[in-house]
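Shown next, in structure tokens, is the structure this report addresses.
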Amino acid sequence: MKAIVYERYGSPDVLHLTEMAKPVPGDREVLIQVHATTVNSGDWRVRSLEVPAGFGLMARLALGVFRPRQPILGTELAGEIEAVGKDVKAFKPGDQIFAFSGVRMGCHVEYKTMPEDGPLTIKPKNLSYEEAASLSFGGTTALDFFRRGNIKRGDKVLINGASGAVGTAAIQLARYFGAEVTGVCSAANLDLVRSLGADRVIDYTKEDFTESGETYDIIMDTAGTAQFSRCKKALKKGGRLLQVLGSLPDLLQIPWVSLTSSKKVIGGPSAERLEDLRFLAELAEAGKLKPVIDRRYPFEQIIDAHRYVDTGRKRGSVVIALGSASAAI
Ligand SMILES: NC(=O)c1ccc[n+]([C@@H]2O[C@H](COP(=O)([O-])OP(=O)(O)OC[C@H]3O[C@@H](n4cnc5c(N)ncnc54)[C@H](OP(=O)(O)O)[C@@H]3O)[C@@H](O)[C@H]2O)c1
């Protein structure tokens, strides 16, 4: 089977297409034929080791000091179960599924094995493989941060960086939870952010939301520009700053903020839960969560997809199509 691999950290040029043996599922594993995957900000960071300030050493220790321990990137996929191990009960050949391998990665392949109780679930019927592959990275991140931030009906929520994979999911989830939503993005993305349900939009090139006098119960920062020192006056009493993108110094100040203020900063990596995938699938099937796809690339052009994601300007997800799906691009 074909796989995209890399043996050293760096620019998209470190990636190359290779042939490797098709995996064989173990007794309690399923074999998935991958129809769609994505290139996202996680792939960019892991490939390039461009991580937020202070996390460089930790990233090398976690991913491989001199070279990547996991040579295959890709956190999300959607596809069809081709075969199952002899003890598998939850899935059968022909099932259409989507999966989130998260930090374990390994989705940039034609075939992948996963444990039957791993992070995979049935694909919503109303979504294409490409849409289903785009559900989990942004969706699970936004959901986990909102849960930790105790989002409630009626909360005033601002999302800084509302047009990326996390932001586009966050707007829709915040609306689902009954919040009043303000999205911050550049002028080119104002219509997109509005169309996803934002009650108000702010163009960050024209207006600084921290200076407007408006206050919020929750500020979610996916852009790394809303540090606590900058946006504390835009948080209500008891307000929460959800730092999806924060540096090590940002993370280290969290206990101090809690001790000295009624406000809270919540950061760190988001949790990866199977229940969250199932919840996102339910919302998508009910038409309450729509994955946003910016661009599509065939598997063989994945390096171009990485180059685009590296710009930091994508809207929602960048999808990679495999097999017959890629012929349609
Ligand atoms: N903590 C965690 O567990 C976790 C999980 C997932 C992701 N992350 C991190 O979260 C960040 C966002 O992820 P993503 O996948 O959503 O990224 P993405 O899809 O690449 O989103 C990039 C978006 O950021 C916007 N942006 C850039 N500069 C901005 C600014 N100054 N103000 C507001 N928006 C700005 C861009 O919109 P414009 O073109 O309109 O500027 C673009 O749409 C990444 O750095 C990622 O590493 C963390």
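The values are calculated or read from the model by the stated rules, or taken from the named source; none is laboratory data. Computed from a predicted structure; not experimentally measured. Cβ placement follows ideal geometry from the backbone for every residue including glycine, while neighbour counts extend to all protein chains displayed. Accessible surface areas use protein heavy atoms only, side chains included; no ligands, DNA or RNA. Shrake-Rupley method; radii C 1.70, N 1.55, O 1.52, S 1.80 Å.
Summary of values
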{"item": "Cleavage-rule hits, trypsin sites (Lys or Arg not before Pro), segment 113-167, DSSP coil, Cβ neighbours within 10 Å at most 13", "result": "125, 152, 153"}
{"item": "For residue 164, residues with placed amide H under 5 Å, excluding near neighbours", "result": "316"}
{"item": "Area of residue 137 that stays accessible when all protein chains are in place (1.4 Å probe, Å², to 10)", "result": "30 Å²"}
{"item": "Packing-based ranking, highest mean first, of 213-219, 88-94 given that Cβ atoms within 10 Å are counted", "result": "213-219, 88-94"}
{"item": "Relative contact order, percent, segment 90-159 [alpha-carbon distance under 8 Å, six or more residues apart]", "result": "34 percent"}
{"item": "Distance in nm between pseudo-label sites at residue 103 and residue 194 (7 Å out along the Cβ direction from Cα)", "result": "4.0 nm"}
{"item": "Tensor-based shape of segment 1-154 (alpha-carbon gyration tensor, a/c under 1.5 rounded, otherwise prolate or oblate)", "result": "oblate"}
{"item": "Residues of segment 230-250 with amide N under 15 Å of the 7 Å Cα→Cβ point at residue 152", "result": "236-240"}
{"item": "Spatial separation of Cα centroids for segment 220-263 and segment 122-184, in angstrom", "result": "20 Å"}
{"item": "Accessible area of segment 67-185 divided out per residue, in Å², using a probe of 1.4 angstrom", "result": "34 Å²"}
{"item": "Between 0 and 90°, nearest 10: helix 274-285 axis offset from the chain longest Cα axis", "result": "80 degrees"}
{"item": "Protection-proxy order for peptides 104-111, 315-322, each taking the mean of Cβ atoms within 10 Å per residue, highest first", "result": "315-322, 104-111"}
{"item": "Computed accessible area, residue 22, all protein chains, 1.4 angstrom probe, square angstrom", "result": "90 Å²"}
